[in-house]
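These notes concern the structure reproduced below.
Where a number appears in this text, it was derived from the coordinates with a stated rule and is not lab data. Predicted model only: the values in this text are computed from it and were never measured. Cβ coordinates were reconstructed from backbone atoms using ideal geometry, including for glycine residues, and neighbour counts include every protein chain displayed.
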Amino acid sequence: MVPSHARHNYSNAGSVPAAMTVVLEQQMIDFFEELGTTQPPEAGPPSAEMMERVMQSCARHGIVILDQAERAA
C-alpha cells in the first residue's frame, strides 16, 4: 500500500502486458473520472494541451507530479 502523499511510481519491467488492482481515495477517483475517456490515446507523447489539462486537474485535486530530479530524491 502506498500511503497518502508518498512519492511513488509504477512500471512494468516485464515483456508482456501487466494488470494490477488499485484501491483509491475519493480524491484520486475524482481525478481519474475528470480526465477519463473511452477513446484510446493518440500515438506518441501527450500533446501540450493534454498535459495542461492533466496539470490543471492535478491542481484541482491536490495532486503533485514530481519532475525527474524530485523523483530521484
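Protection proxy ranking for 36-43, 55-62, using the average of other Cβ atoms within 10 Å per residue and placing the highest first: 55-62, 36-43.
Calculate, in nm to one decimal, what V22 and E42 gain on full extension: separation in residues at 0.36 nm each, minus their alpha carbon distance.
Working: separation 20, 0.36 × 20 = 7.20 nm, distance 2.46 nm.
Taking 0.36 nm per residue and subtracting the Cα distance, the gain is 4.7 nm.
Calculated mean residue ellipticity at 222 nm for the chain: -11500 deg cm²/dmol, from DSSP H runs with n ≥ 4 weighted as -39500 (n - 2.57), summed, divided by the residue count and rounded to 500.
For the chain, the Kirkwood radius over C-alpha pairs fed into Stokes-Einstein at 4 °C and 1.567 mPa s yields D = 89 µm² per second.
What the Cβ-Cβ distance of R7 and E49 gives, at R0 = 30 Å and to the nearest 0.05, is a FRET efficiency of 0.65.
For the chain, what is the charge dipole size about the Cα centre, in debye to the nearest 20, if Lys and Arg each add +1 at the Cβ and Asp and Glu each add -1 at the Cβ? Kindly include the intermediate steps, with their values, before the conclusion.
Working: 4 positive and 9 negative charges, 48 e Å.
With only Lys, Arg, Asp and Glu charged at Cβ, the dipole is about 220 debye.
Were the residues from Q56 through E34 laid out at 0.36 nm apart, the gain over their Cα-Cα distance would be 6.8 nm.
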